[in-house]
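Quick notes on the structure that follows.
The values are calculated or read from the model by the stated rules, or taken from the named source; none is laboratory data. All figures in this text were calculated on a predicted structure; none of them were measured in a lab. Positions of Cβ are generated from backbone atoms using ideal geometry, with glycine treated the same way; all protein chains shown enter the neighbour counts. The area values use the complete protein model at the heavy-atom level, side chains included, leaving out ligands, DNA and RNA. Shrake-Rupley method; radii C 1.70, N 1.55, O 1.52, S 1.80 Å.
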Amino acid sequence: MNVDMFNFHLPEELIAQVPLENRSQSRLMILNKETGEIAHESFTSLPEYLNPGDCLVLNDTKVLPARLFGTKVGTGAKVEVLLLKQLKGDCWETLAKPAKRIKAGTEITFGNGQLKAVCIGTEDHGGRIFEFQYEGIFYEVLDALGKMPLPPYIKERLEDQDRYQTVYARERGSAAAPTAGLHFTHDLLERIKEKGIHVAFITLHVGLGTFRPVSTESVEDHDMHSEYYRMSRETADLLNEVKRKGGRIISVGTTSTRTLETIAGQNDGVFIPGNGWTDIFIYPGYEFKAVDGLVTNFHLPMSTLIMLVSALAGREHILHAYEIAVKERYRFFSFGDAMIII
């Protein structure tokens, strides 16, 4: 399957640069995955498309202020470091710019010496492994020095850093937000619960996979980077009960989808509590074992994310929906509008 099959034309002005003033005032496209039929609503109408006994599954990961700006010891050259994944102790997998000038042994200092890092290794994909040195608590130092790691297609300055967090974020560890969840407010979640719709939480810490484009010609040749996930017993029991009673599992975002499909795929469709690492790559031809529907944003052309939604709704239906979204001037990507596939 060729990667070009998932390409589409996107005018640059449709890439949302700032979040809306009210999270839940985004537009919502409703896509019937069986027929391809499309409707247009506001995100506040989401509960109308869910039934009592259904379960929304949200990713409660919290984005780290993972972008650090420092200088090389000895030369004073400016360096940008993006934390991706904690490996062991104070060692982190990162992306660094300019990477070609950072070799093993390179020392970098941040914030007048509050934080120091030594490069202890390089990786095939251009990543760098740093060991950090500091006094006190690492996350407090990071809160003081780090910036939100907004995607490269967002050029505008984010005035309120919390707008790149979901309102239910609590498990810190992500290098990017699970952006489908950015549309939810506490009030909307209460309305959903009042209708008899269950709300469950899983955790998947978004890592390097979010930043890696598909560089192969063939979809099947692309390798996904592994990301850490966790499911509690409470969530596993709830999801198994929802399935048993015939309710639908509606995942919020591709990260929730990948977590649910990883766990169900390893356990014959049953949800088992636990944690681990997933590199699952979902593209057309995949048979879903857990997810019945999906709330998601509009994704990059030829990305693994548009391949995932195409697996659920069909490539033709998705590309047609995206064509309509462009025509109707939907806002795309992280701060953009939403789609529900049911």
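What number comes out for the charge environment of Tyr330, summing +1 per Lys or Arg and -1 per Asp or Glu over other residues with Cβ under 15 Å away?
Every neighbour counted, the sum reads -2.
Could you pull the Cα extents of segment 86-183 along its three principal axes, largest to smallest, in whole Å?
Per principal axis, max minus min of the Cα coordinates gives 43, 31, 25 Å.
Over 34 Å, how big is the tail of the calculated P(r) for the chain, in percent of all Cα pairs?
25
Expressed as a whole number of Å, what is the distance separating the alpha-carbon centroids of segment 91-139 and segment 249-263?
32
Under 17 Å from a point 7 Å along the Cα-to-Cβ line of Asp124: which residues of segment 220-263 have their amide N that close?
Hits in segment 220-263 for Asp124 at 17 Å: 220-227.
Using a 10 Å cut-off on Cβ atoms, rank the peptides 293-301, 212-220, 243-251 from the highest mean neighbour count down.
Highest-to-lowest ranking by the protection proxy: 293-301, 243-251, 212-220.
Report Rg(Cα)/(2.2 N^0.38 Å) for segment 1-131, keeping two decimals.
Taking N as the residue count of segment 1-131, the ratio is 1.58.
With N set to the number of residues, divide the alpha-carbon radius of gyration of segment 178-303 by 2.2 N^0.38 Å and report two decimals.
Compared with the compact-globule rule of thumb, segment 178-303 sits at 1.10.
Determine the relative contact order of segment 154-283: mean sequence separation of Cα pairs under 8 Å and six or more apart, normalised by residue count, in whole percent.
25
Diagonalise the Cα gyration tensor of segment 175-245 and give the resulting equivalent ellipsoid semi-axes, square root of 5 times each eigenvalue, largest first, whole Å.
The equivalent ellipsoid of segment 175-245 has semi-axes of 31, 17, 12 Å.
Given a 1.4 angstrom probe, I'd like the percentage of the accessible area of segment 154-274 that is carbon and sulfur, rounded to a whole number.
43
For segment 283-337, what relative contact order do you get, as a whole percent, if you take Cα pairs closer than 8 Å and at least 6 residues apart?
43
Report the antiparallel proportion of the DSSP beta bridges in the chain as a percent, rounded to a multiple of 5.
70
Can you send over the carbon and sulfur percentage of the accessible area for segment 6-121, probe radius 1.4 Å, protein chains only?
It is 49 percent, rounded to a whole number.
I want to make sure I understand the PRE zone here: with the label point 7 angstrom from the Cα of Tyr139 toward its beta carbon, which residues in segment 48-86 have backbone N atoms less than 17 Å away?
Backbone N within reach: 60-67, 83-86.
Which order, highest average first, do 161-174, 128-141 follow once you tally other Cβ atoms within 10 Å for each residue and take the mean per peptide?
Per-residue Cβ counts within 10 Å, averaged per peptide and sorted highest first, yield 161-174, 128-141.
In the neighborhood of Thr61, defined by Cβ-to-Cβ distances under 13 Å, what is the net charge if each Lys or Arg adds +1 and each Asp or Glu adds -1?
Every neighbour counted, the sum reads +3.
Averaged per residue, what accessible surface does the chain expose to a 1.4 Å probe, in Å²?
46
All other residues with a Cβ under 11 Å from the Cβ of Met224 taken together, and with Lys, Arg as +1 and Asp, Glu as -1, what is their net charge?
Here the charged neighbours net out to -1.
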